[in-house]
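The values are calculated or read from the model by the stated rules, or taken from the named source; none is laboratory data. From a predicted model like this one, the values you see are computed outputs, not experimental measurements. Virtual Cβ from ideal backbone geometry, glycine too; neighbours counted across all protein chains shown.
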Amino acid sequence: MLRQLIFIAALFVAGAALAQTGETESAAYRLSNGDKIRVTVYGHEDLSGEFDVDGTGNVSLPLIGDVRAAGLTANELEVAVTERLRPDYLRNPRVSAELLDYRPFYIFGEVRSPGSYAYTGGMTVISAVAVAGGYTYRARKNRIRIVRGAGDEQTEIQATADTPIYPGDVIEIPERFF
């Protein structure tokens, strides 16, 4: 009984924390070019497989061709693939889509090895810098800049070492002058 009460209290606290931060279903991860996904059409292994979201934001699937994936969640992609299969190819398709690999993040400026790196969940600026070999001796650690988003929806963020990193982020570590 006590365990059940503790579990319920934990759920309540987690829900309150999500409400406070503004996290909602609409804040779910959106696919973009560079992501790798697995699409499974149940009962049809020839239509299933692992696919990359290409530079145009599409996924090229067997039989139905290109499906727009950029900007969609995995659940929204499932619906799009289902709708493309339903009218002409399958009566009642059951489709599942899952994210396999996130797109990379990019880091440049005063780090030892600038470039693109594989994203892992829970990354912060300091862990991204560590992946890139650490700061150089000329790094200005208090003026870090992150460009987040794609196309017209880019935002620029002034960051600290604890700022979270997301897939596709571009991190700039500027140079100090004295």
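Structural remarks
- The stretch 105-128 - residue that is of a type in the set (Val, Ile, Thr) and part of a helix (DSSP H, G or I) and, of those, surrounded by the most Cβ atoms within 10 Å (Cβ to Cβ): VAL125
- Positions within the stretch 120-144 being over 23 Å from PHE177 (Cα atoms) and modelled with pLDDT under 95, in sequence order: THR120, GLY121, GLY122
- Within the stretch 1-85, strands (runs of 3 or more DSSP E) holding 2 or more residues that are buried (at least 18 other Cβ atoms within 10 Å of the Cβ) and at pLDDT 95 or above: 36-41, 58-61
- Restricting the search to strands (runs of 3 or more DSSP E) fully inside the stretch 129-178 and requiring at least 2 residues that are out of contact with any helix residue (DSSP H, G or I) (no Cβ under 6 Å at 6 or more places or on another chain) and aliphatic (A, V, I, L, M) gives 144-148, 170-173.
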